[in-house]
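None of the figures in this text is laboratory data; all of them are computed from the coordinates on show. Computed from a prediction, not measured in an experiment: that's the story for all the values here. Using ideal geometry, Cβ is built from the backbone for each residue, glycine included, and neighbour counts are taken over all protein chains shown.
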Amino acid sequence: MPRLSRLLALVALVALIITSGARAARTSAEMSTPTAGAGDATLILIEHADLVSEIDLGERGASVGDMLVWGPDPLYDEANVNDSGATTQGSCIAFSANADCLAAETIVFPDGSTLEFQGIERVGGVPSARTIVGGSGRYLGAIGTMTASPSADLTLWTKTIKIAPPGRP
């Protein structure tokens, strides 16, 4: 029972972090980013993984139920030069002993629009694919995918987001 209580407390903490990240989204000038209804669009952003917490539950070391929580982390443009004003935050819950996990991620743009993603993240610094499961504001009704590719030291993540026109997966 204490383990369940800790897990529920951690889930509440993740929700609080995501909510506070949405409120803390930068208010800099609006990015020239694609909208959900504009047809095929690709957006490439570079995450600076500054705020990352590992939560080791159960057995010491990598085990099922461990969590990785991040954000709000800044997202830079494709050249990794300019802060876009967007942030990313999310969590990943391990479903295997080698720490493969189910990722849930939210990107908050300067105008308050969001994109929501879900997918599997594999260990070992390999790219992972995620599906757009929702969006708000300019991304309301968005469908598509995101590939998250980490740098060798896991401090930078290239997020390649492909948004498809409505009605086409």
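Could you work out how far apart the two model spin labels at residue 53 and residue 156 are, taking each label as a point 7 Å from the Cα in the direction of the beta carbon, and quote it in nm?
Here the answer is 2.7 nm between the modelled labels.
According to the Cα gyration tensor, what semi-axes, each the square root of 5 times an eigenvalue, does the equivalent ellipsoid of the stretch 61-154 have, listed from largest to smallest in whole Å? The partial results should precede the final answer.
Numbers: eigenvalues 116, 50, 27 Å².
Those come to 24, 16, 12 Å.
What's the extension gain from residue 44 to residue 80 if we count 0.36 nm per residue and subtract their Cα-Cα distance?
Values: separation 36, 0.36 × 36 = 12.96 nm, distance 0.98 nm.
Difference between extended and current length: 12.0 nm.
Within the stretch 45-67, which residues have the backbone N less than 17 Å from the label spot 7 Å out from residue 96 along Cα→beta-carbon, could you tell me?
Inside the label zone: 62-67.
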